[in-house]
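As structure tokens, the structure follows; a few thoughts come after it.
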Amino acid sequence: MDGVNEIAVIGLGYIGLPTAIMFANAGFKVTGYEIREEVVKKINSGEAHIVEPEIDELLQKAVESGNLRATTNPDDIKGKDAYIICVQTPLKEDKTPDLSYLESAVRIVAKAMKPGSLVVIESTVPPLTTVRMAELIEELTGLKAGKDFYMVHAPERVMPGRIFKELVYNSRIFGGITPESAEMAERLYRSFVKGQTFKTSSTVSEVVKLMENTFRDVNIALANEFAFLAHQYGINVFEAIELANTHPRVKIHTPGIGVGGHCLPKDPHLLLWPAKEDFGLIKLAREINDSMPLFTKDLLFSALKELNVPPEDAVIAVLGLAYKGDSDDTRNSPALAFVGEIEEDVKEVRTYDPFVPGTSGSVEEAVENADAVVIATDHSEFKNIDWEHLGRLMRTRILIDGRHVVENPPRGFLFKGVGRGEY
Ligand code: SAJ
């Protein structure tokens, strides 16, 4: 296939390692480049450093066939036919993108590549970045983009827990700096992708990826604003949303304590960053979603006031630290933001998350003599809690639901929830 036999994958994280495994098991000779020595050792002994269904068998197969090898030595990726960059593109403190990992990956590739190589960026990047990186490679190598080498943005779209299924069956976008670049990447990925594939320009592809998560973020902000209104009108927003969603062309998202993870809170900023002007909506949505932990704090503090518990004496149990249900991932978690908002104002904050080490050993342990329980993550385990039993262990019975886990407020509790204006 276009002479592509040997591939280098730069960055062996949540996306890079599964992608390297897929190519290796499709018959390519894959070298994975990674700076973490311990990760490289583990991978070469057939052990994955990330938790994901099927990864152990698939990695062993790739390593045992001799098709996958990891390395920390940039010399080992010299002269490959294709380079696939899967490094992080986080935000800095000031919410502007930190492209330093991407740029150093591109510099390593520029040193290693040969004329005719294909360079693919899978990382989520601000619009126009792929074109800029192609220019950087031109400067560093003297090669001409689109003529002497090919360059593509091919964003990943997978969800942790379903990575190996979604890598195969999700549709993929290949945004080339030239049509030939996109075609080359599409042919390469077709070796394992069974979903639909689409070719476009690199800038369209970058914008598509960022629009997907911005769409979700803005819609969640709208749902959160509906929740604020529900408190004004004394109604349950979830009842209203369920009824509105019976309309065939309406699909309102779910309000809650906030929006976390490594994508939704970041991607709208990447989308706006290179623009000369922004028009307010996307930024405002970010602000609304970022304000939700504070809104949840207000619910808690008004409940403490109603029951005459001085905040400085209050013991608060927070259930859930992960950013979403049944996950152990706490990156940008609104649960952590909530804890940060209250910890200096109350006597003690205890946390319990069945997936996160270092928290209380059980719900019971966390709520013993507590004045309030706050649900911050929609883990399935929390849906089956026996509140009457827990209530007996508590000093004051306040229940704050930040994730619509409790449908019917338990008897004997002062209950408040995001969007639950009816109590
Ligand atoms: N959330 C709400 N209300 C909702 C939906 C989500 O408050 O109605 C919250 C969640 O609790 C969580 C956050 O938003 O804190 C984000 O969760 P998510 O499930 O929407 O998104 P991620 O970050 O886990 O994964 C997203 C996915 N993108 C889309 O659904 C458009 C995934 O497909 C991408 O692969 C991933 O981002 C990524 O890598 O970009």
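The values are calculated or read from the model by the stated rules, or taken from the named source; none is laboratory data. Note that this is a predicted model, so its numbers are computed, not measured. FYI the Cβ positions are ideal-geometry reconstructions off the backbone, even for glycines, and counts take in every protein chain you see. Please note that ligands, DNA and RNA were not included when accessible areas were found on the heavy atoms of the full protein model with its side chains. Shrake-Rupley method; radii C 1.70, N 1.55, O 1.52, S 1.80 Å.
Results for (1) within 14 Å of the ligand (Cβ to nearest atom); (2) without any contact (Cβ under 8 Å) to a residue 24 or more places away in the chain; (3) closer than 30 Å to residue 96 by Cβ, shown as yes or no for each residue.
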site: 114; (1), (2), (3): no, no, no
site: 132; (1), (2), (3): no, yes, yes
site: 136; (1), (2), (3): no, no, yes
site: 151; (1), (2), (3): no, no, yes
site: 179; (1), (2), (3): no, yes, no
site: 185; (1), (2), (3): no, no, yes
Give the residues of region 42-68 that are out of contact with any Ser or Thr (no Cβ under 9 Å at 6 or more places or on another chain) and within 22 Å of residue 109 (Cα to Cα), sorted by residue number.
43, 67
Across region 400-414, which residue is farthest from residue 314 (Cα to Cα) among those that are touching a helix residue (DSSP H, G or I) at 6+ places or on another chain (Cβ under 7 Å) and of a type in the set (A, V, I, L, M, F, W, C)?
405
Residues of region 115-140 being among the aliphatic types (A, V, I, L, M) and either open to solvent by less than 10 Å² (accessible area, probe 1.4 Å) or outside any helix (DSSP H, G or I) (or both), in sequence order, are 118, 119, 120, 121, 125, 128, 134, 137
So which helices (runs of 4 or more DSSP H) stay within region 144-236 end to end and still have 2 or more residues that are under 21 Å from residue 23 (Cβ atoms) and open to solvent by 40 Å² or more (accessible area, probe 1.4 Å)?
163-169, 179-189
Any residue at all in region 209-224 that is among the acidic types (Asp, Glu) and either more than 15 Å from the ligand (Cβ to nearest atom) or touching a strand residue (DSSP E or B) at 6+ places or on another chain (Cβ under 6 Å) (or both)?
no
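Results for (1) open to solvent by 50 Å² or more (accessible area, probe 1.4 Å); (2) assigned to a loop (DSSP other than H, G, I, E, B); (3) not aromatic (Phe, Trp, Tyr), shown as yes or no for each residue.
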position: 335; (1), (2), (3): no, no, yes
position: 366; (1), (2), (3): no, no, yes
position: 378; (1), (2), (3): yes, yes, yes
position: 389; (1), (2), (3): yes, no, yes
How many residues, within region 74-114, are over 27 Å from the mean Cα position of the chain (by Cα), over 24 Å from residue 26 (Cα atoms) and in a loop (DSSP other than H, G, I, E, B)?
0
May I ask you to list pairs of residues, at least six apart or on different chains, whose Cβ atoms are under 8 Å apart, with the first in region 47-62 being of a type in the set (Asp, Glu) and the second being open to solvent by 20 Å² or more (accessible area, probe 1.4 Å) and part of a loop (DSSP other than H, G, I, E, B)?
52/14; 52/160; 52/161; 56/47
Scan region 306-319 and tell me whether some residue there is open to solvent by less than 50 Å² (accessible area, probe 1.4 Å) and within 16 Å of the ligand (Cβ to nearest atom).
yes
